[in-house]
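First up is the structure itself, then whatever we jot down about it.
The values are calculated or read from the model by the stated rules, or taken from the named source; none is laboratory data. The model shown is predicted, which means the values in this text are computed figures rather than measured ones. Using ideal geometry, Cβ is built from the backbone for each residue, glycine included, and neighbour counts are taken over all protein chains shown.
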């Protein structure tokens, strides 16, 4: 099957090293996509979990190897650390096996749109100002993810595709919805402050692409619940992909594009 040809891929919040990382879906995504740029916007590896119990099956190693293979084949891979892999921020400016480490940067789309790339914990006062409260919230989230794992284990046995129970629950909690809205407004304010056209981040595990007052806000989502990524197409268009749900649709479109005859040049005059 044809691979999906893209200009840029933006992913975050994979949380390798935990049982919740949907490594199988991410590996499938990486193997079926090609791009000029691959931006890893933080929390790709969850070093917080290393303190309470490290989980690292072979699939997690294969994801890392797939990323390194992309760098070896010429994709520019840039890693912007998040709060769960924040110690990598000490290595900003370094390069390892073709993977650059940056604290943040601006990506310019083919359409000329300048996008500020960050992890997103810069907007979360619970993370930035009170580490204890952050871990309390993380504990509640761990319970949701445990339920999500158990629920999808049953779905697989019954032959049903992946569906995020935890995301469904969060979407019905008023405080969570209000927090996401405040986060989005903070991100848009940051984009305006930096005089760019938009901002791309992760951190809150809520994939989104919206436009407000001439600015764009995109959240890459995550690979523990949504299996989502932001992509820039070869035409310079920004799109959200939910790979567990939409992979066949995207790959069928890629196959159709590959099979389409090339346009015939018409002589002038």
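For (1) modelled with pLDDT under 95; (2) exposed (fewer than 15 other Cβ atoms within 10 Å of the Cβ); (3) outside any helix (DSSP H, G or I), each residue gets a yes or a no:
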| site | (1), (2), (3) |
| --- | --- |
| 5 | no, yes, yes |
| 50 | yes, yes, no |
| 89 | no, no, no |
| 112 | no, yes, yes |
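Among the residues that make up the stretch 201-221, is at least one of them on the phi > 0 side of the Ramachandran plot and modelled with pLDDT under 90?
We begin by selecting, within the stretch 201-221, every residue on the phi > 0 side of the Ramachandran plot; these are 203, 205, 213-214, 221.
Subsequent filtering for residues that are modelled with pLDDT under 90 retains none.
No, the conditions are met nowhere in the stretch 201-221.
Could you grab me the full set of residues in the stretch 196-215 that are in a strand (DSSP E or B) and more than 10 Å from the chain's Cα centre (by Cα)? Working first, answer last.
At the first step, the residues of the stretch 196-215 found to be in a strand (DSSP E or B) are 198-201, 208-212, 215.
Within the stretch 196-215, 198, 199, 208, 209, 210, 211, 212, 215 meet the criteria.
Find the residue count for the stretch 67-87, including only residues that are assigned to a helix (DSSP H, G or I) and at positive phi. Step through it out loud before you land on a result.
Narrowing the stretch 67-87 to residues assigned to a helix (DSSP H, G or I): 67-72, 86-87.
Next, from what is left, pick out any that are at positive phi: none.
The total comes to 0.
Tell me, please, whether a residue that is touching a residue at least 40 places away in the same chain (Cβ under 8 Å) and out of contact with any strand residue (DSSP E or B) (no Cβ under 7 Å at 6 or more places or on another chain) can be found in the stretch 90-110.
no
Please find, within the stretch 34-48, the residue that is surrounded by the fewest Cβ atoms within 10 Å (Cβ to Cβ) out of those that are closer than 21 Å to residue 6 by Cβ and in contact with a helix residue (DSSP H, G or I) (Cβ under 9 Å, 6 or more places away or on another chain).
Narrowing the stretch 34-48 to residues closer than 21 Å to residue 6 by Cβ: 34-42, 44.
From the residues that got through so far, the ones that are in contact with a helix residue (DSSP H, G or I) (Cβ under 9 Å, 6 or more places away or on another chain) too are 34-35, 38, 40, 42, 44.
Numbers: 34: 17, 35: 23, 38: 23, 40: 26, 42: 29, 44: 27.
Only one residue tops the list, namely 34.
Being closer than 29 Å to residue 196 by Cα, at pLDDT 95 or above and surrounded by 14 or more Cβ atoms within 10 Å (Cβ to Cβ) narrows it down to one of 71, 126, 66, so name that one.
Working: 126 fails: at pLDDT 95 or above; 66 fails: closer than 29 Å to residue 196 by Cα.
One residue alone meets the criteria, 71.
Kindly provide the set of residues from the stretch 216-230 that are in a loop (DSSP other than H, G, I, E, B) and either more than 9 Å from the chain's Cα centre (by Cα) or closer than 11 Å to residue 204 by Cβ (or both), ordered by number. Outline the logic, then answer.
Let us first name the residues in the stretch 216-230 that are in a loop (DSSP other than H, G, I, E, B), namely 220-227.
Across the stretch 216-230, the qualifying residues are 220, 221, 222, 224, 225, 226.
Tell me, which residue of the stretch 7-21 that is closer than 25 Å to residue 111 by Cα and touching a helix residue (DSSP H, G or I) at 6+ places or on another chain (Cβ under 9 Å) is surrounded by the fewest Cβ atoms within 10 Å (Cβ to Cβ)?
First, the residues of the stretch 7-21 that are closer than 25 Å to residue 111 by Cα: 7-12.
Those left that are additionally touching a helix residue (DSSP H, G or I) at 6+ places or on another chain (Cβ under 9 Å): 9, 11.
Values: 9: 25, 11: 27.
Among those that are closer than 25 Å to residue 111 by Cα and touching a helix residue (DSSP H, G or I) at 6+ places or on another chain (Cβ under 9 Å), it is 9.
Can you tell me which residue in the stretch 22-44 is farthest from residue 8 (Cα to Cα), limited to those that are part of a loop (DSSP other than H, G, I, E, B) and within 13 Å of the chain's Cα centre (by Cα)? Write out each step before concluding.
The first filter runs over the stretch 22-44 and keeps only residues part of a loop (DSSP other than H, G, I, E, B), leaving 22, 32, 41-44.
With within 13 Å of the chain's Cα centre (by Cα) added as a condition, the list becomes 22, 41-44.
Values: 22: 21, 41: 13, 42: 16, 43: 19, 44: 17 Å.
Per the stated criteria, the residue is 22.
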